[in-house]
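Written below as structure tokens is the structure these notes are about.
The values are calculated or read from the model by the stated rules, or taken from the named source; none is laboratory data. What you see is a predicted model; the values in this text were computed from it and never measured. Cβ placement follows ideal geometry from the backbone for every residue including glycine, while neighbour counts extend to all protein chains displayed.
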Ligand SMILES: *Cc1c(COP(=O)(O)O)cnc(C)c1O
């Protein structure tokens, strides 16, 4: 059966590197949204917990409930307010017009728009929003922002960082003593590793870097690899073709095998045209099927993915998309 292998030591090592940069495990918010970027949230949660991480961010309440037994603090990033919020979670406030839609006493992390213009409130709206939060009796616990181009080598990172500092100053001066218990967080994976050191009042909020991918730190270890098992093998005779549409034909007799992994498992569908090499150097042959693919014979088991950058390059996308699309139905084991 095709399966995902998660490398415990690699994950622990990456968390160590993040903690070193952030100033401790208690300063890390692990982003576990979308099944921990396709890795398997429930399998990695106990490892992060054992390291001393006690704060995660997820997409919605369903994901939050799944991790509730592991973590004391869970921030929900993309909640649509419905007046039925749980007191167990923190909710990102993405739009100031939503304030009235939250249940009273809901715990809020306020999103500041520092130039990405995706979510959040502008700096000059802070004062009115703090008043509105108070009026609606929402509890402000955190303030956050997101970088639009932390992995771009331009100045936008510094511009946004500066704007967030302005927002912080404003909040400190408006809330005075009440600001003491707030936590601030802005740095995602790339931002953390390009920064010198996290400010004392900041947590980091990191996703991808946990799993071994970072442009600004090449020394991390990949956590996930994807494996498939042989369904059958044969000699494809010269002139015979394999798979749908027969797009690959053997120029001479060749030993091929078919493995139990396909695009239904969340892989991008290989169309059989440009040469595609698997991590062992063998070529995939013909179009990928829904639940299988064929390639040059590679034994009983084959590694299909160990560095998502390779597939991302081939399919003209980013490593995030390759990983996050891996089906939650795939079996996962921690080694
Ligand atoms: C996904 C996400 C992150 C994590 O980003 P990485 O680049 O994976 O570290 C952080 N904050 C928000 C708001 C996100 O949506």
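Within the range 110-131, restricting attention to residues that are within 16 Å of the ligand (Cβ to nearest atom) and touching a residue at least 40 places away in the same chain (Cβ under 8 Å), the residue that is surrounded by the most Cβ atoms within 10 Å (Cβ to Cβ) is 112. Taking (1) in contact with a helix residue (DSSP H, G or I) (Cβ under 6 Å, 6 or more places away or on another chain); (2) buried (at least 19 other Cβ atoms within 10 Å of the Cβ) in turn, residue 31 satisfies each apart from (1).
Of the residues 142, 149, only one is within 14 Å of the ligand (Cβ to nearest atom), free of Cβ contacts under 8 Å to residues at least 24 places away in the same chain and either touching a helix residue (DSSP H, G or I) at 6+ places or on another chain (Cβ under 9 Å) or not in a loop (DSSP other than H, G, I, E, B) (or both); which? Step through it out loud before you land on a result.
Details: 142 fails: free of Cβ contacts under 8 Å to residues at least 24 places away in the same chain.
Of 142, 149, the one residue that is within 14 Å of the ligand (Cβ to nearest atom), free of Cβ contacts under 8 Å to residues at least 24 places away in the same chain and either touching a helix residue (DSSP H, G or I) at 6+ places or on another chain (Cβ under 9 Å) or not in a loop (DSSP other than H, G, I, E, B) (or both) is 149.
Scanning the range 115-139 for residues that are assigned to a loop (DSSP other than H, G, I, E, B) and closer than 22 Å to residue 162 by Cα yields 115, 116, 117, 118, 119, 120, 122.
Kindly establish whether residue 228 is at pLDDT below 95 and surrounded by 22 or more Cβ atoms within 10 Å (Cβ to Cβ). Can you show your working first?
Numbers: at pLDDT below 95: no; surrounded by 22 or more Cβ atoms within 10 Å (Cβ to Cβ): yes.
Here the answer is no, as residue 228 does not meet what is asked.
Among the residues of the range 197-242, just one is in a loop (DSSP other than H, G, I, E, B), touching a strand residue (DSSP E or B) at 6+ places or on another chain (Cβ under 6 Å) and within 12 Å of the ligand (Cβ to nearest atom), namely 207.
For residue 146, the criteria (1) surrounded by 19 or more Cβ atoms within 10 Å (Cβ to Cβ); (2) more than 27 Å from the chain's Cα centre (by Cα) hold in every case but one, which is (2).
Report, by residue number, each residue of the range 69-89 that is within 17 Å of residue 45 (Cβ to Cβ) and either exposed (fewer than 13 other Cβ atoms within 10 Å of the Cβ) or outside the structural domain of residue 46 (by the TED database) (or both). Answer for the range 69-89, where residues must be within 17 Å of residue 45 (Cβ to Cβ) and either exposed (fewer than 13 other Cβ atoms within 10 Å of the Cβ) or outside the structural domain of residue 46 (by the TED database) (or both): 69, 72. If the condition is being surrounded by 20 or more Cβ atoms within 10 Å (Cβ to Cβ) and within 16 Å of the ligand (Cβ to nearest atom), then the range 167-187 contributes 167, 184, 185, 186, 187. Within the range 265-287, track down each residue that is surrounded by 14 or more Cβ atoms within 10 Å (Cβ to Cβ) and touching a residue at least 40 places away in the same chain (Cβ under 8 Å). Hits for the range 265-287 are 265, 266, 267, 268, 285, 286, 287.
Which condition breaks for residue 246 when tested against (1) touching a residue at least 40 places away in the same chain (Cβ under 8 Å); (2) over 30 Å from residue 8 (Cα atoms); (3) surrounded by 17 or more Cβ atoms within 10 Å (Cβ to Cβ)? Result: residue 246 fails condition (3) only.
Applying the criterion of being assigned to a strand (DSSP E or B) and surrounded by 19 or more Cβ atoms within 10 Å (Cβ to Cβ) to the residues of the range 295-331, the residue that is farthest from the ligand (Cβ to nearest atom) is 295.
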